[in-house]
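To start, the structure under review is shown below, and the notes come after it.
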Amino acid sequence: MELVLADTLLSQSRDPGALLRGVCGGGGGGEPQLSAERVEALCFLLQRLPGDHGSGQAGAEGLEQAAWEVALGRCLPLLRGAGASPERLRLVRSASGALRHCVRLGGPRLAARVAEEALAELGAAPGTEAAVEALAAVATWLEEPALLERAVGAALALGDEEEEVVALGAGRLLLPALGRNRAALGLVWEGLGLGQDAAAAATPQRAGRTLLVLSALSDALFPVAAAQEDAAGGEAEQALDARLSRGFWKVVQEGLTDGDGLCRKRARYLLKRAVDVSDKLRADWKCSQDNGNGPNLFWWSVEKNEELLKFWENYILIMETLEGNQIHVIKPVLPKINSLYEYALSEKKGSWLFHPSWHMCIYKRMFESENKTLTREGVIHFLEICETKCLPISSGFSEFIIGPLMDALSESSLYSRSPGQVIGTCPPLGTKLQRFLATYLAFLPEEEKGSFLLKFIQKMSSRHWCAVPILFLSMALAYIPPCKALGTEGLLALRGVLQCTMITHQILLRGAAQCYLLQTAMHLTDVEKISLSDISGFLMSLRPEESLSRGTVLWVEVCDWLCVNDSYFRKSINCDLVHQEKSSLCIYVQSLVEDYLKAPPSKRENCFMPDLFEAKLVATMVLLAADVEEMKNKLRSKCIYAYNGVLTFLWNSVMTAADSILEFIIRRLTSELNTISDLDRCNLYVTLLLELVNICVKTGWKPGPFLWSFISSLTNASVHNLQESNSEQEPKLGVQIQKVVSMASLRVVCDISDQKPELQLESLPAVDNLKSFITMAQLNQVLNKPCSVETNRYAKSIFCYSFSEELVSSQGWGKIVAHFVHDQWVCLHFILNHQNRIPLSEEKNPELLLPAIQRATRTLQSALEALTILPSDQVLPVFRCMKILVPKLLGSSESLCIEAFHLAWKIISSLSNTQLIFWPNLKAFVQFVFDPELLAVAASSKGQAYSKIREIIFQMIEMSTTRTGVFNAVLSYCCQSWIAPNPGNLSALENPFSNARDYSELIIEACVFGTIFRRDQRLIQEVHAFVENLGDECAVNVVTERDDHYVRVCAIKFLCVLDGSNTLHKMFIDDLANKLLDKDELVSKSRTRYYVNSLQHRVKNRLWQTLLILFPKLDQEFLNGNVDRILQAGFSNNQASIKYLIEWIIILILHKYPQFIQKFWDCFSYGEEQLKTSICTFLSVVSHFDIIIQNISEKKSVLKKALVVVLQWCFNHNFSVRLYALVALKKIWGMCKMLCGEEFEALNPVIESSLHQVENVHGTGNAKKNWQRIQEHFFFATFHPLKDYSLETIFYTLPRLSEIIEDEWILLCKFTRFTDIPLESTFQSYESRTELLDLKPSDWSQQDTGFNSVDSDNQREWTDVQKKIIPWKNSIPDLDLELVFQDRAAKLGKSNSSLIVVASLINKPTNLGGLCRTSEIFGASALVVGSLHCINDKQFQYLSVSAEQWLPLIEVKPSQLVDYLQQKKTEGYTIIGVEQTAKSSDLTEYCFPEKSLLLLGNEHEGIPANLIQHLDVCVEIPQQGVIRSLNVHVSGALLIWEYTRQQMIKEKGLK
């Protein structure tokens, strides 16, 4: 309508220039700023003015002058205004359109003038956006080369700006506008870095902006337009063909894998355009390449046109389908990737037709998907393809593996088990990774293997990896066939990976990774390039307590590897040629020992102490060398790890110098150590003394005067030094240090006496002297800091030790005192442990110097004081002393003992994250608090101490949920001490099992213990199970053992060894069973309905498993009072696994005690409401009636009763109940015919006909399948309640068959591995029968077995995949489309909004019909469609319900949308796209301008890339579900309503 008015005005005006000035408000400079409406009117007039100036020369000049005035006087000032409101945006759009029309009228001179002014303003921050708008408006008319070059340079510079608004403006408006200028297109192309020889990959940010420009210039980048002009007879000049540029294809590939969905869409759009152009031109061509090897990035051939077209159509289809991000949509497409390889590989083996980087784009897109299931599918598909297709080796493949593939492999969730895979097996990705690496390495040229593996390993050490990925990557490396690929650098890289493994707290996974990395080093290292020094350094990166432990299979492999390669290792430069007859390993170890022992006599006092790392290195290599020599000389038996050979050698070596060694040690310890640096030497000497004694004992040496004399001398001298009083007021350093050394010497004497009682050291007078001294000594005696430390704190002349600065500080002296106090308590424990009597209360003695050993209360008080002053790593001997003291004092000093419990537990809690000292302290704490005598004393009074111990039990259980192994420690100790007390424990009770009943909560909680893991935690547990299943093959399983399942295993084995004939055992069993039934009732009441595998389900399952274990020990007396409770449990609404257990225990009760069968029949007499959820349980019991009646003499009456009970349920209205009843009836009737057929002859016709009739009824459909399924179910067909009673059935087979989660399956091997509580050899109830063990899970619901996505989909047609098409190929329609429906607007007779809904991209008539109806109801001004023929479609009419008769419909074909949108922008419309992008606005927060144009996308593709840059804003609808997109009609309706709602609110506000 506006254009009609403009034509009318122009036709009535003789001077268009005057008309323009009039619309602008005259020509004065002081005129007010034009409104948006007036600028839009001006734009309409300028649009309708002819560009050829047909009104004569004078009129043309006047019109041109008016255009100059409007452009420079009105349009440019309007663009320079400030503000960002919707009204301001409308004004800018209109002014920009008017300026474009002015330049058309004013010619190149005006364009150059505007461009000069705009370029001058680009530097000023406030005017940059206005300058961009102005330049974009005149860019098409610029002709001067220098000016064009300046404009392009400025636009490119703006594109690199950090300010996003400016950069996007340059990319979205200015560069495309310049590109549409033929003279500037080449400059833009070169400026974007896309010249013919360009090859460098752009950064993601730069690639995104480049693609923005390229998609806007797509019509000028390809030669189709020129071909069409030739066909029309016009002149064609195609100066640019983007297809020939390698840089262009690099940018497209970058875009295909970009993280921004809009960038990916633009890249796909350009790829489609290039393919379509190539298909139409049918010419042979290739893009440029950087070298002569390999295929071009893109090429076309007339001969292979159809194959190429098919390949690229399939490729684009796959890339578009991946955008869905929904695995059920994408999975059918994944097998189709295989067909791309069939096209891509040449008929001649070993070459590619298509560049492999295109395939890598597919996988990279999958790897970076938000959907981890899609990532996993992509990784597995890539590994399978590379393994099975024998792809030609490409340099890009190795880079892709080390880059995107390894980045994807760092995600732990990818290593989960596949559905149906047995727990404990290797996950599919782990297996495929092993095969892939081995296959890929086999095809790599020998000269490239080392480089690839080195980069692969360096990548593993270059980032923080989780425990799971690094384990399976290490395993894959270990399974590569042996080859000489790695040298010293590779070994260093492996050490770096080892350091990465130490970060994780998962000990089992950490240890397993170390084992595999060591195997990798042995398999892949070129021994000729590495030395034994390199090997030893690598071995020291391993932890012996987690991997490389002597006596494991891994140790054997290392010894064998060293033995085989001994002569091949790279020799050291200073290798001694004299010893060439010796092995390289022996020579190296000899040099290690010599270097370690070297200490120049002149520097003896000032030399450093031997390094601990160096000491471990020497020790490890000595042991390896000894075992290797035994292997070589074959001087071993079946086990090479008998210590005899090494010990004999050490003994022979030591004993030759034993006298001098001991003389040296006693001299040093008793008189020569007097500086702080000597304290480390003191520790070295006492450790050496302990090891010497150990060697002597292990080699069978008998003690004699030689050792006794040494111990006596050392003890007496040490006691003498400690008893000396210092007459000086301030003690000297040497005196205090000697006291510390003397106490350490006494400590080692006590340790030797405790650990080696066969040496009979207690009989020595010197040891009695030691006892007397410690007995009379003051506990927690603090050594005052010597004066030399206080006055010469930094005097290095006194302290030669390198760490003297730390030690002379108060903190450093405190550590020394802590060691002194620690040694005191070690000696006190030795005395307490060998004292026959400790007084229960303080003896009344007024003397101040009462012996400490006779003052038990004061000793315990001192122990509490010691716990407060000693660091956590020094409290072990205090715990051991408290273990002896507290049981004796609990009756008289309960509050003091409770304080001891509290303080000790506080220390343990604080150490929960300290790995090295936590476990030894926990063990000592458990032995202290859970000492049998202490437990008995506390339980006898049931006082506060008893409550405190129970509180600690539950606190430890709570800690176990986050710290695996805590509950194991306390339960194992208690069970062993209760069932098999240590005979050497003098404080042991006469019968410690009495504690079991008093602390039965410990056993109950252990029986139901188990953590419910989150998804990520469950993955860790599954990988743990896999590592454990490797057995001794993986050394970590030999040296570490800490499993939460062992809590239940320990409790169950404890219950298994109980003797029902033992009175104490019997009382405990009955009490435990009662409490378990109480707990079951409590859980049932807390939640009557619960989900499968929930906490309630698991607890109840564990409870009934325990009751099944206890059943053989339950007698009739117990059942008389509890059988009703067990039967009542059957009425609960239980999960399947619990039902089986309850049914099983009822069967066993009725079998063993038939007198309870009447109580069982009574269960069928309850009301239907109570039986509706439980009748199947009792019918299942009846189905095993042959077991129940085995011990019944009068079987006839029982069978009759069973028939009567079952028959009434055979005709129940519930289908499942009828099935269970029929199974029971079939079993009972078979027994009747077998045992007493003549008795039931009268019933034979009735029952047989009934069964026959029922069988016929179930003869068709699902009923027949269910009838067959229930008869084949394991509980009715295979399970035998008596023969299958075993640990494996209860804890593994039955949970597996009842489909409870794998966390609840306890493998039989865990019962056999746990040896703390051994079962008797006569214990038979271990294994399930083979018939039951081999069954697979089944239930009434049909299982979804799925299919192999790779194999079964290969034969499917492409028709099963949604095809997504961007409709950009349509022909261009005529202009002035709005005039078609001008008359319809007049008919409506009602006010319309300024909302235009553009649906040209929508294909389906149903969506168009719905939108038409919605647009009419909410008063849209027009609905734009791609073709007006759609209104004749019946589906359209069905949904539109005649709305098309009352709504203006405009036809705009998709190919004309760009021009249509530009036209609407000049009219002041804001172009709004319904699209999800990184910068889209939330619908709930967006404020719609009055003049809004709503552009809706295609049903599948959305808004094409070439249209997105014309949008002013993208609006998305907030979603909370899983599915990512709404139906386009629904989306449009939501936005139309939101626009209408906002406009209604504005109108009400104005009123």
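The values are calculated or read from the model by the stated rules, or taken from the named source; none is laboratory data. Quick caveat: nothing in here was measured; it's all calculated off a predicted structure. Heads up, the Cβs are rebuilt from the backbone with ideal geometry, glycines too, and the neighbour counts pull from every protein chain shown. These accessible areas exclude ligands, DNA and RNA; they are computed on the full protein's heavy atoms, side chains included. Shrake-Rupley method; radii C 1.70, N 1.55, O 1.52, S 1.80 Å.
Residues that are of a type in the set (A, V, I, L, M, F, W, C), more than 48 Å from the chain's Cα centre (by Cα) and open to solvent by 10 Å² or more (accessible area, probe 1.4 Å) within region 853-889 comprise just one, ILE853.
Test ILE1187 against the stated conditions and say whether it is open to solvent by less than 10 Å² (accessible area, probe 1.4 Å), within 51 Å of the chain's Cα centre (by Cα) and at pLDDT 90 or above. Yes; evaluated as a whole, the condition is true for this residue.
Selection of region 436-457 for residues being of a type in the set (Gly, Ala, Ser) and either within 16 Å of LEU405 (Cα to Cα) or surrounded by fewer than 16 Cβ atoms within 10 Å (Cβ to Cβ) (or both) yields ALA438, ALA442, SER451.
When you look at ASN1093, is it buried (at least 21 other Cβ atoms within 10 Å of the Cβ) and either among the basic types (Lys, Arg) or assigned to a loop (DSSP other than H, G, I, E, B) (or both), yes or no? Quick ask: steps written out before the conclusion?
On the way: buried (at least 21 other Cβ atoms within 10 Å of the Cβ): no; either among the basic types (Lys, Arg) or assigned to a loop (DSSP other than H, G, I, E, B) (or both): yes.
When the stated conditions are applied, ASN1093 does not pass them.
Residue-level check: of (1) in a loop (DSSP other than H, G, I, E, B); (2) within 48 Å of the chain's Cα centre (by Cα), ILE1536 misses just (1). Between VAL224, VAL132, VAL166, the distinction of being open to solvent by less than 60 Å² (accessible area, probe 1.4 Å) and modelled with pLDDT of 65 or more belongs to VAL132 only.
If you take the residues of region 1157-1174 that are part of a helix (DSSP H, G or I) and of a type in the set (Phe, Trp, Tyr), which of them is surrounded by the most Cβ atoms within 10 Å (Cβ to Cβ)?
Residues of region 1157-1174 that are part of a helix (DSSP H, G or I), as a first pass: 1157-1165, 1168-1171.
Next, only the ones that are of a type in the set (Phe, Trp, Tyr) stay: 1160-1161, 1164.
Numbers: PHE1160: 21, TRP1161: 15, PHE1164: 16.
The residue in question is PHE1160.
Return yes when PHE397 is touching a helix residue (DSSP H, G or I) at 6+ places or on another chain (Cβ under 7 Å) and either under 30 Å from GLU1299 (Cα atoms) or open to solvent by less than 30 Å² (accessible area, probe 1.4 Å) (or both) and no when it is not. No: the conditions fail for PHE397. Residues of region 1193-1211 that are crowded, with 16+ Cβ neighbours inside 10 Å and not in a helix (DSSP H, G or I): TRP1209, CYS1210. Among the residues making up region 376-403, those that are within 23 Å of the chain's Cα centre (by Cα) and farther than 17 Å from PRO335 by Cα are PHE400, ILE401, ILE402, GLY403.
Here is the figure for region 1274-1318: residues that are in contact with a Phe, Trp or Tyr (Cβ under 8 Å, 6 or more places away or on another chain) and either outside any helix (DSSP H, G or I) or in contact (Cβ under 8 Å) with a residue 40 or more places away in the chain (or both) total 19. With respect to being in a helix (DSSP H, G or I), of a type in the set (Lys, Arg) and closer than 26 Å to VAL1217 by Cα, ARG1125 fits the description.
Here's the yes/no breakdown for (1) open to solvent by 30 Å² or more (accessible area, probe 1.4 Å); (2) more than 23 Å from ASP998 (Cβ to Cβ); (3) touching a Gly at 6+ places or on another chain (Cβ under 9 Å):
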position: VAL1047; (1), (2), (3): no, no, yes
position: CYS1050; (1), (2), (3): no, no, no
position: PHE1054; (1), (2), (3): no, no, no
position: ASN1120; (1), (2), (3): yes, yes, no
position: GLY1130; (1), (2), (3): no, yes, no
position: ILE1147; (1), (2), (3): no, yes, no
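Taking the numbered list (1) in contact with a Lys or Arg (Cβ under 7 Å, 6 or more places away or on another chain); (2) of a type outside the set (A, V, I, L, M); (3) more than 30 Å from THR964 (Cβ to Cβ); (4) modelled with pLDDT of 90 or more in turn, SER862 passes all entries but (1).
Could you say which residue among PHE1240, PHE1279 is open to solvent by less than 90 Å² (accessible area, probe 1.4 Å) and either modelled with pLDDT of 75 or more or under 15 Å from CYS1210 (Cα atoms) (or both)? Talk me through it step by step, then tell me what you get.
Details: PHE1240 fails: either modelled with pLDDT of 75 or more or under 15 Å from CYS1210 (Cα atoms) (or both).
Exactly one of PHE1240, PHE1279 is open to solvent by less than 90 Å² (accessible area, probe 1.4 Å) and either modelled with pLDDT of 75 or more or under 15 Å from CYS1210 (Cα atoms) (or both), namely PHE1279.
So, in region 416-451, of the ones that are hydrophobic (A, V, I, L, M, F, W, C), touching a Phe, Trp or Tyr at 6+ places or on another chain (Cβ under 8 Å) and assigned to a helix (DSSP H, G or I), which residue ends up farthest from LEU477 (Cα to Cα)? Out of the qualifying residues, it is LEU429.
The single condition among (1) closer than 19 Å to ASP931 by Cα; (2) open to solvent by 50 Å² or more (accessible area, probe 1.4 Å); (3) outside any loop (DSSP other than H, G, I, E, B); (4) not aromatic (Phe, Trp, Tyr) that ALA904 does not meet is (2). Among the residues of region 707-759, those identified as more than 19 Å from CYS827 (Cβ to Cβ) and out of contact with any helix residue (DSSP H, G or I) (no Cβ under 8 Å at 6 or more places or on another chain) are SER709, SER725, SER727, GLU728, GLN729, GLY734, VAL735. Within region 80-94, the set of residues being out of contact with any Gly (no Cβ under 9 Å at 6 or more places or on another chain) and either buried (at least 22 other Cβ atoms within 10 Å of the Cβ) or at positive phi (or both) comprises just one member, GLY83. One residue stands out in region 737-776 among those that are charged (D, E, K, R), open to solvent by less than 40 Å² (accessible area, probe 1.4 Å) and modelled with pLDDT of 85 or more: the one that is nearest to the chain's Cα centre (by Cα), namely ASP751.
Evaluate the following for PHE354: is it of a type in the set (Phe, Trp, Tyr), in contact with a Pro (Cβ under 9 Å, 6 or more places away or on another chain), buried (at least 20 other Cβ atoms within 10 Å of the Cβ) and in a loop (DSSP other than H, G, I, E, B)?
Details: of a type in the set (Phe, Trp, Tyr): yes; in contact with a Pro (Cβ under 9 Å, 6 or more places away or on another chain): yes; buried (at least 20 other Cβ atoms within 10 Å of the Cβ): yes; in a loop (DSSP other than H, G, I, E, B): yes.
It is true that PHE354 is of a type in the set (Phe, Trp, Tyr), in contact with a Pro (Cβ under 9 Å, 6 or more places away or on another chain), buried (at least 20 other Cβ atoms within 10 Å of the Cβ) and in a loop (DSSP other than H, G, I, E, B).
Scanning region 788-813 for residues that are surrounded by 15 or more Cβ atoms within 10 Å (Cβ to Cβ) and at pLDDT 50 or above returns SER788, SER809, GLY812, TRP813.
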